[in-house]
1. Among the residues of the stretch 164-179, is any out of contact with any helix residue (DSSP H, G or I) (no Cβ under 7 Å at 6 or more places or on another chain), small (G, A, S) and not assigned by TED's automatic domain parsing to the domain that holds L203?
2. I'd like to check something: does the stretch 59-66 contain any residue that is surrounded by 22 or more Cβ atoms within 10 Å (Cβ to Cβ) and either in contact with a Leu (Cβ under 7 Å, 6 or more places away or on another chain) or outside the structural domain of E232 (by TED's automatic domain parsing) (or both)?
3. For Y89, only one of the following conditions fails: (1) out of contact with any helix residue (DSSP H, G or I) (no Cβ under 8 Å at 6 or more places or on another chain); (2) at pLDDT below 95. What is its number?
4. Return a yes/no flag: does the stretch 196-207 have any residue that is touching a Gly at 6+ places or on another chain (Cβ under 9 Å), of a type in the set (A, V, I, L, M, F, W, C) and either surrounded by fewer than 22 Cβ atoms within 10 Å (Cβ to Cβ) or under 21 Å from R33 (Cβ atoms) (or both).
5. Sort out which residues of the stretch 122-176 are within 20 Å of R67 (Cα to Cα), loosely packed, with under 14 Cβ neighbours inside 10 Å and of a type in the set (D, E), and write them in order of number.
6. Within the stretch 44-52, can one find any residue that is under 26 Å from E167 (Cα atoms), touching a residue at least 40 places away in the same chain (Cβ under 8 Å) and crowded, with 21+ Cβ neighbours inside 10 Å?
7. Among the numbered criteria (1) under 23 Å from E62 (Cβ atoms); (2) touching a residue at least 60 places away in the same chain (Cβ under 8 Å); (3) within 13 Å of ligand 1 (Cβ to nearest atom); (4) not basic (K, R), which one does I120 miss?
8. Can you name the residue in the stretch 174-217 that is more than 17 Å from the chain's Cα centre (by Cα) and of a type in the set (S, T, N, Q) and is also farthest from ligand 1 (Cβ to nearest atom) among such residues?
Amino acid sequence: MFESVSDKLHQAKKIVFVTGAGISQESGIPTFRGNDGLWRKYDPMKLATIDAFYQDPKLVWEWYEDRRKNILAAKPNAGHIAIADLAKYKEVWVLTQNIDGLHQRAGCKNVSELHGSIIIIKCTVCNFKDKITKRFSEIPPLCKCGNILRPDVVWFGEPLPQDVWGEAMMQASLCDVMVVAGTSLSVSPANMLPIYAKQNGALIIEVNPEETSMSQNMDLSIRSTSAKALPELVSVIQK
Ligand code: BV8
Ligand code: ZN
């Protein structure tokens, strides 16, 4: 599978992974667009927005509480674990679009959560922010200051946190190899990261059972799932 790039993989000093919902699919967390689609009744593009939240905070919170329950019960899969294993031998950085924290739970230290975290909850007004894993008794939950709480995620139409995005662009511009795993690359600006890597001369590899809009630009596009292909990729690098 990786014969054509094994030399470059061995020589690589810094490997960056850009991941999306597909890498958590084998942990039982539905993707956005797949036929296991997040919430068949509603379109995430319409729910994961500031307008939806202020129009109907209860509905949006029901959706997030449903996802939090599933995510907090989920376990990292062989794909997450392979990346964490590789980080013991090489400089590895994970730029994830996922909000499930599974890369960190697999043991990865260098993780940039481009779109925030569903496990961190913050106030819409004051500067309260904390990791909360319990289920809320009432939704929408209120802060001590009396205002509504929200998940610390980046909604459509919201900018990515400056520091996180700056770090991600830097990592993409300095890596020798970029592995794009489990993402349709349909959301910007995250979908620019493989372009920055290509511009810096990095080798870019895609792992996705389906073709994406950027498959043609990849040096290697593996039609497989991440839980299958990533352990194989890591074993080639460690040889
Ligand atoms: C911004 C957190 C600017 C929340 C998410 C037109 C109108 C309005 C906006 C826009 C527009 N055009 C572009 C935009 C910008 C917009 C955007 O890109 N929209 C898209 C829909 C066109 N982007 C934004 O709004 C961003 N902000 O641009 O700000 C700005 C600047 C200054 C000031 C103000 C504003 C913010 C985007 C972040 C949104 N938040 N998530 C939550 O999760 O609830 S996005 C969310 O959807 C995910 O984080 C992820 O990014 C995206 C889903 O993509 P994927 O992860 O790739 O998942 P998907 O289901 O699509 O694909 C799964 C893939 O896995 C598939 O390819 C499948 O084949 C594969 N797969 C399946 N199984 C497996 C597998 N692969 C491997 N193994 C398997 N087993
Ligand atoms: Zn508050």
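1. No, the stretch 164-179 contains no residue that is out of contact with any helix residue (DSSP H, G or I) (no Cβ under 7 Å at 6 or more places or on another chain), small (G, A, S) and not assigned by TED's automatic domain parsing to the domain that holds L203.
2. Within the stretch 59-66 (the criterion being surrounded by 22 or more Cβ atoms within 10 Å (Cβ to Cβ) and either in contact with a Leu (Cβ under 7 Å, 6 or more places away or on another chain) or outside the structural domain of E232 (by TED's automatic domain parsing) (or both)), the answer is yes, since at least one residue qualifies.
3. (1)
4. Scanning the stretch 196-207 turns up at least one residue that is touching a Gly at 6+ places or on another chain (Cβ under 9 Å), of a type in the set (A, V, I, L, M, F, W, C) and either surrounded by fewer than 22 Cβ atoms within 10 Å (Cβ to Cβ) or under 21 Å from R33 (Cβ atoms) (or both).
5. Of everything in the stretch 122-176, those that are within 20 Å of R67 (Cα to Cα), loosely packed, with under 14 Cβ neighbours inside 10 Å and of a type in the set (D, E) turn out to be D130, E138.
6. yes
7. Here I120 clears every test but (2).
8. Taking the candidates together, the pick is N200.
The values are calculated or read from the model by the stated rules, or taken from the named source; none is laboratory data. In this text the structure is predicted, and so the values were computed from the model without any measurement. When we count neighbours, we look across all protein chains shown, and the Cβ atoms used for this are built from the backbone with ideal geometry, even at glycine.
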